[in-house]
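Below: the structure, in structure tokens.
Values in this text are rule-based calculations from the coordinates and carry no lab data. This structure is a prediction, so every number in the text was calculated from the model and none was measured. Virtual Cβ from ideal backbone geometry, glycine too; neighbours counted across all protein chains shown.
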Amino acid sequence: MLTLTCPYCGVAAEETELTAGGEAHLKRFGPGSSDDDLETYLFLRENPKGVHFERWRHSFGCGKWFLAARDTNTLEVFGTYPAQSKAPPKPIKDAITAKRPGWSWREFK
Amino acid sequence: MEQTAQLGGRAVVDGAEIDGQQAEDWVAATHQALAKMDNVTIRTRMMGAGVYDHGYVIGYERLTDHDPQLDGPRHRLWRIRAKQIVTATGAIERPLSFAGNDIPGVMLAGALRDYLVNWGVSVGDRTVVVTNNDDAYRTALALQAHGLGVPAIIDARSAPSGDLVAAARAAGIRVETGAAIAKVMGKTRVTAVALAAQAGEGGVLEDIPCDAVAMSGGWSPVVHLWSHCGGKLNWDAERAMFRPDPKRAPTGAAGEGFVVTAGSASGALTTGEVLTDAFEAARAAIKAAGGKPKAGKAPQVTVVAEAPLEPVWLMPQGASYELRAKAWLDFQNDVKVADVQLAAREGYESVEHAKRYTTLGMATDQGKLSNINGLAILGDALNTDIPSVGTTTFRPPYTPISMGSIGGAARDDLFLPIRKTPIHGWHTDQGADFEPVGAWRRPYAFPRKGETVHDAVTREILNTRENVGLLDASTLGKLLVKGPDAGRFLDMLYTNMMSNLGVGKCRYGLMCSENGFLIDDGVVARIDEETWLCHTTTGGADRIHAWMEDWLQCEWWDWKVYVANLTEQYAQIAVVGPKARQVLQAMGTDMDLSKEALPFMQWADGRIGDFDARVYRISFSGELSYEIAVPAAQGRAFWDALLRVGADFGIMPYGTEGLHVLRAEKGFIMIGDETDGTVIPQDLNLGWAISKKKDDYLGKRAQERSHMSDPERWKLVGLETLDGSVLPDGAIAVAAGQNANGQRNTQGRVTSTYHSPTLGKGIAMGLVHNGPSRMGDVLEFTKGDGTFIKARIVDQVFYDKAGEKQDV
């Protein structure tokens, strides 16, 4: 039963108010892409023990999708930010670095 | 929250002097002081059942179990979100492992003392105390103080010291040191114990007659609430216990610990230690929660010197097999010392494997009594120590809680509130046979008096084909998609083009997942230049709405599109059948409902009777059909008016089964029947609904994969049994030969199957290997009872192939 703060409405939402949406920052591969790229997009996920980026929707609140950076092992939340982000914003990355120096996740570090 | 009815734990039973007061008085005074504070809530008979992520705690309160005459619920589950949690959960006494420790009359020393002090219950006239620590001496002293006999204290330690030992000796109680119980005598009741040397192998020195045995193998802190959310433990060899490691507390959202243990739960054993630890725990928790603890010091306790315990895992240490096979570890699951040793010999070296091989710790107490003793025996058998063997995982709840408390008010009508259309009340009044569709209840059929459901379905279908039927279609999803980029957006969501749909026109569309599989279908209407109304399946409305929001918020967030779910804003009623137009004209209308003015697959707004209506000329039955949306609040009145006016034309409502059969007669697919999450539009011969002009749509790339474009995929066909009977739902078509597992090969399966009243025979649709090119072939379908039924592959459109009836 996590609590995550919705970056849109500011509510510290109980997990029952939220819907989990899997891994964040997926890049969509459509027609013209290679089989490998399609496979990565559809099926391959990080599943780390540690720093992770996830999609969440404040379904039973304001309805907005947002992204969360958290540690799957310690349940620490480094921050939440709008879904309209191609990469984790600097304050989020800084917050992770402060706690987990040398972290990396996919192409981000 | 306090699990029992009384505050104060063991101190009240065992007695102690705290700040110059008797423990009982000190507890009462402290309770009183706390109860007066506005910001303190005290609940007794309430167990901290579980600690979860980010400070979420559940408290299980038993309100009337102790007094069933009281009003109100028996149990209540409290859901609490705490900044900091102090767990003062105490410790549990461990049994000692000696032969016959399960014979009635053998009890934990603390339990025997509780019976005596709390309830005045004497377990036996002569109680032998057997121990490896000082605490059990309290039982001996209490028994003697109450005038009961203690023939001997059998202490495994060679030279016990301390105030309690001295007190026992001074009271004249016989104390045997370095001693053990070889075995307990008696069958249904203890009659004596055989005294032996702890260092030996069970050679009997003397039989001591008695009728009860009080045993104590030391105390294990209750670390469950600490461990539930990830708190880690250290093995304290001196105290022979797992203790919480404050440096590795469960962490919350900020990455800081949010649980602090206090007292015996931390591993403190004496009253002085307990109070000092609890005082520090409270200070730490207040600080961590952002408060400022008041200055002060821990309550002072008059010290009773206690000597350390000596770990004893088997009594006597060299007990023979015969004795070990009678020395119980898990009393509920009948696991003995010899069983765990056997598990180790058999190679079950992991504690998790040994547990499952022996069932040690799998009883309702979940190892609270037996785990440490079992781990020690396993460690000894593997020639390693307890921390190397490890512990099993502690999972909430601490002890079982009732399902009623978990369910709470979410029961009966409140469990999953039923969604009702504006016309639901009429359906109920008619005694409709309902079926669940999503969270809705839809009428399956409307049986008349003396009529079976099957007969009702037949009547409703025939009447719709011959006269006119009425369907409550309000549950269908209605998603309004609006904005400058709405057309572009719908072109991505549907497999076909929606951007070029003319205003006033309707088009059937398919939606696929990014994995290429069909997820929904429905008719889309172009309302104006920037607005489309998308009909979804009944069960798909919320899901597809969320699906649209996901793409708009997370992928194409710069597209100007707004989606509103209008499903419940309108009542939608289908007027279906050859006389549909006559009924609407008889209602009185300012609309021209002729074929020329409002042709098939178009819509128009107007007045029908006294109602503002939007009329869609769409058909899921193959008949002349108008689906009419009116504001939800007018739905029931509109329905009643249609029934009244339509009576002259033989109007009858039909239910979802009629709807299903009507569509199957026309070969129309149904999401969830013809699709199951593995079916693509191409499998259903719906290639015509897939745009060749579009560069992209959701699922397009996935459908290009070799397996998706494989010509060997099973494809949709119609099926007709040779004898006119109805194929079983989901029946499999068998093929020649067997697969690698010795099962019959298969070549198809039934997806929809009904008796068609219109045609007077069984009709079905199914997915069949190379189906469309095998028209006329006869397949064998399993009936599920070892017999087969033959069916011929036919066109899936059984009724009005040319589509003339709907286009009049």
Next on the checklist: Can you give me the angle between helix B:453-466 and the longest principal axis of chain B, using Cα atoms only, in degrees from 0 to 90, rounded to the nearest 10?
Outcome noted: 30 degrees
Item to check | Computed [θ] at 222 nm, helices only, for the protein assembly as shown once each DSSP H run of length n ≥ 4 contributes -39500 (n - 2.57) | outcome: -6500 deg cm²/dmol
Checklist entry - Could you give the nm distance between label points at B:Lys232 and A:Ala20, where each point is 7 Å from its Cα heading toward the beta carbon? => result 2.4 nm
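Order these by the 10 Å Cβ neighbour count, fewest first: B:Ser725, B:Ser227, B:Ser619, B:Ser499.
Details: B:Ser725 13, B:Ser227 22, B:Ser619 25, B:Ser499 16.
So the residues, fewest neighbours to most, are B:Ser725, B:Ser499, B:Ser227, B:Ser619.
Tell me the relative contact order for region B:203-321 as a rounded percent, counting alpha carbon contacts under 8 Å between residues six or more apart.
Details: 129 pairs, mean separation 24.3, N = 119.
It rounds to 20 percent for region B:203-321.
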Item to check | Alpha-carbon gyration tensor eigenvalues x 5, square-rooted, for the protein assembly as shown, Å | outcome: 71, 32, 29
Checklist entry - What is the packing order of peptides B:733-740, B:188-195, B:345-352, B:292-299, taking the mean over residues of other C-beta atoms within 10 Å and listing the highest first? => result B:188-195, B:345-352, B:733-740, B:292-299
Checklist entry - What are the lysines whose alpha-carbon lies under 28 Å from the alpha-carbon of B:Lys560, with same-chain residues fewer than 8 places away excluded? => result A:Lys27, A:Lys64, A:Lys86, A:Lys90, B:Lys478, B:Lys482, B:Lys505, B:Lys692, B:Lys693, B:Lys694, B:Lys700
Checklist entry - Stretch B:Gln6-B:Ser725 to full length: gain in nm at 0.36 nm per residue minus the Cα-Cα span? => result 251.7 nm
Checklist outcome for this item: At R0 = 51 Å the Cβ-Cβ FRET efficiency linking B:Ala82 and B:Gln569, nearest 0.05, sits at 0.75
Checklist entry - If you count, for every residue in B:695-704, the Cβ atoms of partner chains within 10 Å of its Cβ, what is the mean? => result 4
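Among rounded, prolate and oblate, which fits region B:477-568 when a ≥ b ≥ c are the square roots of the eigenvalues of its C-alpha gyration tensor, a/c under 1.5 means rounded, and a/b larger than b/c means prolate?
Details: a/c = 1.27, a/b = 1.09, b/c = 1.17.
Rounded.
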Item to check | Whether region B:193-280 is rounded, prolate or oblate, judged on the alpha carbon gyration tensor where a/c under 1.5 counts as rounded | outcome: prolate
Checklist entry - Tell me, how many Å apart are the Cα centres for region B:170-230 and for region B:730-803? => result 73 Å
Checklist outcome for this item: Under the 7 Å Cα-to-Cβ spin-label approximation, B:Gln430 and B:Ser402 lie apart by a distance in nanometres of 4.3 nm
Checklist entry - Picking from A:Gly30, A:Gly63, A:Gly21, which is most flexible by a Gaussian network model of chain A using Cα springs under 10 Å? => result A:Gly30
Next on the checklist: Let's test the formula: R0 of 51 Å, r as the Cβ-Cβ distance of B:Glu322 and B:Ile418. What FRET efficiency results, to the nearest 0.05?
Outcome noted: 0.20
Checklist entry - Going by how many other Cβ atoms sit within 10 Å of their own, how do A:Glu39, B:Glu804 line up, fewest first? => result B:Glu804, A:Glu39
Next on the checklist: Once you keep just the Cα pairs under 8 angstrom separated by 6 or more residues, what percentage relative contact order results for chain B?
Outcome noted: 9 percent
Next on the checklist: Given a Förster distance of 45 Å, report the FRET efficiency between B:Ser122 and B:Glu349 from their Cβ-Cβ distance, rounded to the nearest 0.05.
Outcome noted: 0.50
Checklist outcome for this item: region B:711-794: relative contact order from alpha carbon pairs under 8 Å, six or more residues apart, as a whole percent, is 39 percent
Item to check | Beta bridges per DSSP with both ends in region B:477-568, % antiparallel, nearest 5 | outcome: 100 percent
Checklist entry - When the Cα centres of region B:67-122 and region B:411-489 are compared, how far apart do they sit, in Å? => result 55 Å
Checklist entry - With the calculation restricted to Cα positions, what are the radius of gyration and Dmax of region B:711-794 in angstrom? => result 12.4, 43
Checklist entry - B:Lys232: which lysines have alpha carbons under 19 Å from its alpha carbon, excluding same-chain residues fewer than 8 sequence positions away? => result A:Lys49, B:Lys247, B:Lys368
Checklist outcome for this item: Most exposed first, judged by fewest Cβ atoms within 10 angstrom, A:Cys9, B:Cys512 run A:Cys9, B:Cys512
Item to check | Size-normalised alpha-carbon gyration radius of chain B, reference 2.2 N^0.38 Å | outcome: 1.38
Item to check | Full-extension gain in nm, B:His146 to B:Leu480, via 0.36 nm per residue minus C-alpha separation | outcome: 112.0 nm
Checklist entry - By how many degrees, between 0 and 90 and to the nearest 10, does the Cα long axis of helix B:541-554 differ from the longest principal axis of chain B? => result 80 degrees
Checklist entry - Suppose every K and R has +1 on its Cβ and every D and E has -1 on its Cβ; what is the size of the dipole of chain B about the Cα centre, in Debye to the nearest 20? => result 520 debye
Checklist outcome for this item: Honestly region A:51-109 on the Cα gyration tensor test (a ≥ b ≥ c root eigenvalues; a/c under 1.5 rounded, otherwise a/b vs b/c for prolate or oblate) is just prolate
Item to check | Within region B:398-450, trypsin sites (Lys or Arg not before Pro) in DSSP loop having at most 15 other beta-carbon neighbours inside 10 Å | outcome: B:Arg411, B:Arg448, B:Lys449
Checklist entry - Are there trypsin sites (Lys or Arg not before Pro) in region A:1-57 that DSSP marks as loop and that have at most 13 other Cβ atoms within 10 Å, and which are they? => result A:Lys27, A:Arg45, A:Lys49
Checklist entry - By how many degrees, between 0 and 90 and to the nearest 10, does the Cα long axis of helix B:635-646 differ from the longest principal axis of chain B? => result 40 degrees
Item to check | Inter-centroid distance (Cα atoms) of region B:319-394 relative to region B:526-570, Å | outcome: 59 Å
